[in-house]
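The values are calculated or read from the model by the stated rules, or taken from the named source; none is laboratory data. This structure is a prediction, so every number in the text was calculated from the model and none was measured. With ideal geometry, Cβ positions are generated from the backbone for all residues, glycine too; neighbour counts draw on all protein chains shown. Side chains included, ligands, DNA and RNA excluded: accessible areas come from the protein's heavy atoms. Shrake-Rupley method; radii C 1.70, N 1.55, O 1.52, S 1.80 Å.
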Amino acid sequence: MAQPREKAPHRQPPKAVSMVAALPAPRFAFGWAALVYAVGTLSLGYPALVGKFLLNQNSDQYKAGYAFREFAATTLKTTGHFPLWDPYLFGGMPYVAAMHGDIFYPTFLLRMIMPTDVAMTWGFIIHIFLSGLFTYGFLRALGYSFYGALVGGIAYMMSGQIASYVSPGHDGKLFVSALFPLALWMLYLGFRKGKAWSWGAFALIIGLCVLSPHPQLLQYTLLAAGAYSLFLAFATLDGVKLPRDVSIKRLGVALLSVVVGLAIGAVQYLPVREYVAWSPRAGGFGDYSTATSYAWPPDELLNAYLPQFSGMLNNYSGPNVIHLHSDYVGVVVLILAGAAFIGLRDDPRRKHILFWSVMLLVTLLWSLGGATPFYRIPYEIIPGTKYFRAPATIFFVGTLAIALLAATGTERFVQLRVSRKYLIGWTIGGLVIALLASVGVLSSIAESFADERLLDRVAANRSDLILGAWRSLAFVLLVLGLWFALTRGKISSKAAALALVALTAVDLWTVERVYWMFMPPGKVIYASDPIIETVKAQPQPARVFAIQLRDVPDRDVFLTGDGLMTHRIRQIRGYHGNELGRYDDLIGEHSGLTQFVNPNVMQLTNTQYLLTNVAAVPFLGNTTLVKGPVRNASGDTVYLHRLNAEHPYSWVTPVAVKAPDDQVLGTILNPRFDLTRAALFDTSANVAVAQGVQSLPPPLTIKTAVRHYEPGKVQIDLSAPAPQGSSLVVSENYYPGWIAAVDGKPARIGRADYTMIGVELPAGARTIELNFTSPTYEKGKAITWVAIVLGFLMLGAGVWRDRRRLA
């Protein structure tokens, strides 16, 4: 009779890998984590070590950021103060109020001790590193193991959302994204650990976010921090529920910290707040579709797993037309994040995981913009949202949520709580995607969603899509292989944890490295040439109309960017995006070339030169070729043409009148109107004007000459005494803060000819001095200093209180 077969004993996981407690953190854990993040960052940014500039031709830093920062750094070094007026772009604009990047953020200190291009490069690199380190610290504070937190930090800092900020040159976004986990860390310590010093630290962090300056990501940070604060205050965590009075008190302190933090940013925020009504975004974007532009298209969600689906960089074919960043979350990160929900019920951090899962869902829906009805909620009820577009930028919050889930999943993996079925499911899914890519199905799907102007990119991307799908599958198989090795005792739990760290980093590196592009140093790519030297040699201020009329393979930063600003040459246009809206109306910035070449527009804007890459410009009429052909630093062959018409920086009119804006704009755009015969002030200008004018007197013979010109300070001499009732019109945008003195005495000033400076001249006037001041900036600076001191006092008092409590 056959003996009954004995059941095989249930295979228990090795004791060494059964619990997280078996994987203690190494000595100097924080230092080891910092070393890992430094290596990860330098694996992307190592060309900086030999002086390369972290830049590419599509980067905002290449087109404008370098010029902004080089101007400010030079001004600060030579004068000891920050510039207040930028005269080089779009007729001039306030430097602080119109926002020219990280004016007051601590990265400006780097530009005081090293060349601007080097400082900008290391500003990016340092913040990528900090984003990982701060995420690690936050996760460790929540109770995650060393290896789980280590993976979480990598998942955040090397994700497409964070690491690819360098490609479009969005340093402000990176600064806020790097500070975000640090802010959450301080909130956790304050609410749940009762650390009084954390509130001062939190206030200083919010202040830095304001000074970044990126108001959109600041808004998202405040919203996420507010939601997290409520969660920490009222949720039962680790079996502990804070007494209600303690919760309310700590919420009050958190709110006070936010107020102090916002006050720290007053030096930047108050001028910006004043400027909003003058900017192109006054009143917000015109419609919902504009506000939801540059969202994350739902069909491109697959990019989180397969970044080549809609094409990377120049192969992008989606509806956003340009896509300079990466949506890649990471194959290994996605697998680990999904594993966070295995055994969730028994996890002591269950509520934390659920909270951040909800945050992930909310930020994902927000990122989709108008693709779902959800975005109508924040659009209608959250202040400031109508001034922003690109709702997908909120996903740095979702990325941090994914990093937390990945940290959880790492611990599940090392504990052998991740099932074979789960990983086999990922393998089957990855194989299906690879096969669909190989037979052309994914290309067909991508083509169906592509912008019709970019269909050729779909075909060009086909081979990359196939290789990318198999690459993603390879990392799925590597995770599966690691799991088998661990379950069969082939490797230790520590080796498995280290392997997960390495796999996570390598997976993300293989994609994000292509977004880290470098160029030669700034002194090379913005080098001068004979045309630039010719313009700089002119004794009187003159503007250049720079325009690209012939397509070239590489961007010409002098024709389509702010390269001329680096040589202190004033342009009729430029690259900014937050110039004075009224000036845009004058030059027809959004209505084509016709208004640019209006002779009155050319005269009003002091335009004396045309810089372009063609030898003949018949559409401008009477011009003379001054210099060219010249090969500039962008590699383009350019020509300098002089307009054979007198377009001085300023002129004296015999009469001044007031009229509504629409009438003024219509009049000055009429080529038959002689600008020198009358200054047309706006109706609110505090200047004396002629009454009952039936006909305009003839132009005066008085000539003007600029004796001294620097940003925000101009001295003008008249060739003869000004007659009674005359006015000076200056080709510089008017903005509150300009003050005038005539022959050393204060003079009345106002907005003339729709957007320019107009000065009332008393009889006999011979010299005029204009200075740009900003009382709002001075007020904001005072508030900032007080708030900084208050923030540090809160920090110091908190440290003292915590020590007394422990004594």
TODO: Working carefully through the options PRO87, PRO106, find the one that is open to solvent by less than 10 Å² (accessible area, probe 1.4 Å), modelled with pLDDT of 95 or more and over 22 Å from SER167 (Cβ atoms).
DONE: PRO87
TODO: Please enumerate the residues belonging to region 338-356 that are open to solvent by 10 Å² or more (accessible area, probe 1.4 Å) and either assigned to a helix (DSSP H, G or I) or within 17 Å of GLY398 (Cα to Cα) (or both).
DONE: GLY338, PHE341, LEU344, ARG345, ASP346, ARG350, LYS351, HIS352, LEU354, PHE355
Task: region 784-804 residues that are touching a residue at least 60 places away in the same chain (Cβ under 8 Å) and in a helix (DSSP H, G or I), paired with ones that are open to solvent by less than 50 Å² (accessible area, probe 1.4 Å) and among the aromatic types (Phe, Trp, Tyr) (beta carbon under 7 Å, 6 or more apart) - done: MET794/TRP199; GLY798/TRP199
Task: Cβ pairs under 7 Å, 6+ apart, first in region 203-232 and in contact (Cβ under 8 Å) with a residue 12 or more places away in the chain and farther than 17 Å from GLY172 by Cα, second of a type in the set (S, T, N, Q) and assigned to a helix (DSSP H, G or I) - done: ALA203/SER257
Task: Number of the condition not met by ALA72 [criteria: (1) among the hydrophobic types (A, V, I, L, M, F, W, C); (2) farther than 23 Å from GLU512 by Cβ; (3) touching a Ser or Thr at 6+ places or on another chain (Cβ under 6 Å)] - done: (3)
Open item on the list: So for region 738-746 (the condition being open to solvent by less than 20 Å² (accessible area, probe 1.4 Å) and of a type in the set (A, V, I, L, M)), does at least one residue qualify?
Closed with: yes
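Are any of the residues in region 762-780 open to solvent by less than 10 Å² (accessible area, probe 1.4 Å), touching a His at 6+ places or on another chain (Cβ under 9 Å) and assigned to a strand (DSSP E or B)?
no
Identify all residues within region 651-677 that are of a type in the set (S, T, N, Q), out of contact with any Ser or Thr (no Cβ under 8 Å at 6 or more places or on another chain) and in a helix (DSSP H, G or I); write none if there are none.
The answer is GLN663, THR667.
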TODO: Look through GLY628, GLY635 and report the one residue that is more than 16 Å from ALA542 (Cα to Cα), part of a strand (DSSP E or B) and not β-branched (Val, Ile, Thr).
DONE: GLY628
- [ ] Scan region 323-347 for residues that are among the aromatic types (Phe, Trp, Tyr) and farther than 24 Å from TYR165 by Cα and report the count.
- [x] 1
TODO: Answer with yes or no whether VAL524 is open to solvent by 50 Å² or more (accessible area, probe 1.4 Å) and closer than 30 Å to PHE71 by Cβ.
DONE: yes
TODO: Go over the candidates LEU680, LEU728 one by one and state the one that is at pLDDT 95 or above, within 44 Å of the chain's Cα centre (by Cα), farther than 15 Å from LEU770 by Cβ and in a strand (DSSP E or B).
DONE: LEU680
TODO: Quick one: which residue in TYR583, TYR639 is surrounded by 21 or more Cβ atoms within 10 Å (Cβ to Cβ) and of a type in the set (Phe, Trp, Tyr)?
DONE: TYR583
Task: region 133-169 - residue that is farther than 20 Å from ASP507 by Cβ and among the small types (Gly, Ala, Ser) and, of those, most open to solvent (accessible area, probe 1.4 Å) - done: GLY143
Task: Positions within region 260-280 being outside any helix (DSSP H, G or I) and surrounded by fewer than 17 Cβ atoms within 10 Å (Cβ to Cβ), in sequence order - done: none
Task: Selection from region 189-203 of residues that are open to solvent by 30 Å² or more (accessible area, probe 1.4 Å) and either acidic (Asp, Glu) or in a helix (DSSP H, G or I) (or both) - done: ARG192, TRP197
- [ ] Determine whether region 420-428 contains at least one residue that is assigned to a helix (DSSP H, G or I) and touching a Ser or Thr at 6+ places or on another chain (Cβ under 6 Å).
- [x] no
Open item on the list: Looking only at region 27-61, count every residue that is open to solvent by less than 30 Å² (accessible area, probe 1.4 Å) and either part of a strand (DSSP E or B) or among the polar types (S, T, N, Q) (or both) and tell me the total.
Closed with: 6
TODO: Name, by its number, the condition in (1) modelled with pLDDT of 95 or more; (2) under 25 Å from LEU179 (Cβ atoms) that does not hold for ARG281.
DONE: (1)
- [ ] Name, by its number, the condition in (1) under 28 Å from LEU23 (Cβ atoms); (2) buried (at least 22 other Cβ atoms within 10 Å of the Cβ) that does not hold for ALA495.
- [x] (2)
TODO: Residues being surrounded by 15 or more Cβ atoms within 10 Å (Cβ to Cβ), within 25 Å of the chain's Cα centre (by Cα) and not charged (D, E, K, R): count how many of those fall in region 357-390.
DONE: 20
- [ ] Return the total of residues in region 226-254 being farther than 23 Å from PRO215 by Cα and either in contact with a Leu (Cβ under 7 Å, 6 or more places away or on another chain) or open to solvent by 60 Å² or more (accessible area, probe 1.4 Å) (or both).
- [x] 12
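Could you tell me whether any residue of region 318-335 is part of a helix (DSSP H, G or I), of a type outside the set (A, V, I, L, M), over 21 Å from the mean Cα position of the chain (by Cα) and modelled with pLDDT of 95 or more?
no
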Open item on the list: Tell me yes or no: at least one residue of region 62-70 is farther than 25 Å from GLU710 by Cβ and crowded, with 22+ Cβ neighbours inside 10 Å.
Closed with: yes
Open item on the list: Restricting to region 448-469, name every residue that is over 10 Å from GLN308 (Cα atoms) and surrounded by fewer than 17 Cβ atoms within 10 Å (Cβ to Cβ).
Closed with: SER448, PHE449, ASP451, GLU452, ARG453, LEU455, ASP456, ALA459, ALA460
TODO: Take the residues in region 683-706 that are of a type outside the set (A, V, I, L, M, F, W, C) and under 41 Å from the mean Cα position of the chain (by Cα), then tell me which one is nearest to PRO541 (Cα to Cα).
DONE: ASN686
Task: Conditions (1) over 23 Å from ILE569 (Cβ atoms); (2) among the small types (Gly, Ala, Ser); (3) open to solvent by 40 Å² or more (accessible area, probe 1.4 Å); number of the one not met by ALA645 - done: (1)
Open item on the list: Please go through region 372-401 and give me each residue that is in a helix (DSSP H, G or I) and charged (D, E, K, R), ordered by number.
Closed with: ARG376, GLU380, LYS386
Open item on the list: Being under 19 Å from ILE433 (Cβ atoms), buried (at least 22 other Cβ atoms within 10 Å of the Cβ) and among the hydroxyl-bearing types (Ser, Thr, Tyr): is that true of SER257 here?
Closed with: no
